[in-house]
1. Over 25 Å apart: what share of the alpha carbon pairs of the chain falls there, rounded to a whole percent?
2. Which Cα, out of ALA226, THR110, LEU62, lies furthest along the positive dipole direction of the chain (beta carbon charges, K/R +1, D/E -1)?
3. If each residue's Cβ is checked for other Cβ atoms within 10 Å, how do ASP239, ASP102, ASP165 rank with the fewest at the top?
4. Can you list the GluC sites (Glu not before Pro) in the range 61-125 that are in a DSSP coil and have 11 or fewer other beta carbons within 10 angstrom?
5. Along the three principal axes, how long is the range 112-155 when you take its alpha carbons, biggest first, rounded to the nearest angstrom?
6. Please work out the C-alpha center-to-center distance from the range 231-246 to the range 1-59 and express it in whole Å.
7. Kirkwood hydrodynamic radius (Cα pairs, Å) of the range 4-133?
8. Would you mind ranking CYS254, CYS271 by Cβ crowding within 10 Å, fewest neighbours first?
Amino acid sequence: MPELPEVETTRRHLEPVLVGRVIEEAIVSHPRTARRNASAEELVTRLRGRRVEALRRHGKFLVGDLDEGWTLIAHLGMSGRFSFGSPEEEPPVHTHVLLHLDDGTVVRFTDPRTFGFVAVFDEDEMASSPLGRLGPDAWSDAFDASVLAESLAGRTAPIKALLLDQGPVAGLGNIYADEVLHRAKVHPLTPGRDIPMDRLEAMVTATREVLAEAIEAGGTTLDDLAYLLPDGRAGENLDRLRVYGRTGEPCVVCGTPIERIVVRARSTHFCPDCQH
């Protein structure tokens with residue numbers, strides 16, 4: 001579930017904890033979490049002794065620049081979250097990675113469903129990593145209407161599916177794609193190639209607005225509490241959502257009941273009047 005705002009909020013909490021610190025010891029207790037490396041043992045070896053030079057994000061991926069050319073990549077999947085504390089604290093259930101830092105802090109990656117992962121790549125591996133196929137980050141100046149138009153040219157798939165693909169733009173998932181399309185007044189089933197430039201410009205503007213509000217609120221925590229901030233708090237963006245999860249409720253713009261359809265196996269919410 002975590003999308004760009006949740007990952008960015010996580011990054012902001014972890015940055016002062018990780019950057020400049022040396023990972024003195026790493027413990028990886030679930031092989032699936034380490035599946036992007038050859039083994040859990042390889043991941044541990046590559047993490048041990050590395051200094052974290054910077055922590056950034058591209059789309060839904062956390063990216064840590066390590067010394068000697070290594071790169072740490074983490075994806076939260078459906079239920080992953082990072083937290084940190086002291087060695088004396090009992091880690092949460094389903095904690096699969098522990099990073100013991102040189103100042104005594106322990107960073108924990110917890111993921112009940114194990115759809116997320118943690119990996120460390122060298123320069124050649126980075127070139128063929130999941131980051132290689134991503135479009136421009138949705139929270140960057142590189143994402144604009146002309147770039148979006150180029151990526152959607154000739155694409156007949158529904159725009160909702162194209163946004164989730166991460167190729168035209170990286171970082172939007174099910175929640176925020178619905179919110180962006182509602183604000184931009186674009187129907188989720190519209191073929192990508194058929195969206196006029198003025199609506200593409202509206203989508204870019206809506207993307208920035210939606211993401212800015214969600215980041216300010218600490219992300220969106222749903223009733224399942226799958227996403228929590230590293231300090232254990234819930235994100236407070238749920239009440240700001242205009243269409244996602246509001247089937248049958250009145251549109252905040254026109255009052256028309258919000259409808260729900262399924263697009264490429266993903267639940268999709270929209271206003272049939274605003275987005276006709």
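1. Working: 17871 of 37950 pairs.
I get 47 percent for the Cα pairs in the chain exceeding 25 Å.
2. Result: ALA226.
3. ASP239, ASP102, ASP165
4. On the way: sites: GLU68, GLU88, GLU89, GLU123, GLU125; in loops: GLU88, GLU89.
Sparse-neighbourhood loop GluC sites (Glu not before Pro): GLU88, GLU89.
5. 36, 30, 23
6. Each part reduced to its Cα centre gives a spacing of 26 Å.
7. 14.4
8. Listed from fewest to most nearby Cβ atoms, that is CYS254, CYS271.
Coordinate-derived values only; no laboratory data. Worth saying up front: this structure is predicted, and the values here are computed from it rather than measured. Every residue, glycine among them, receives a Cβ derived from its backbone with ideal geometry; neighbour counts consider all protein chains shown.
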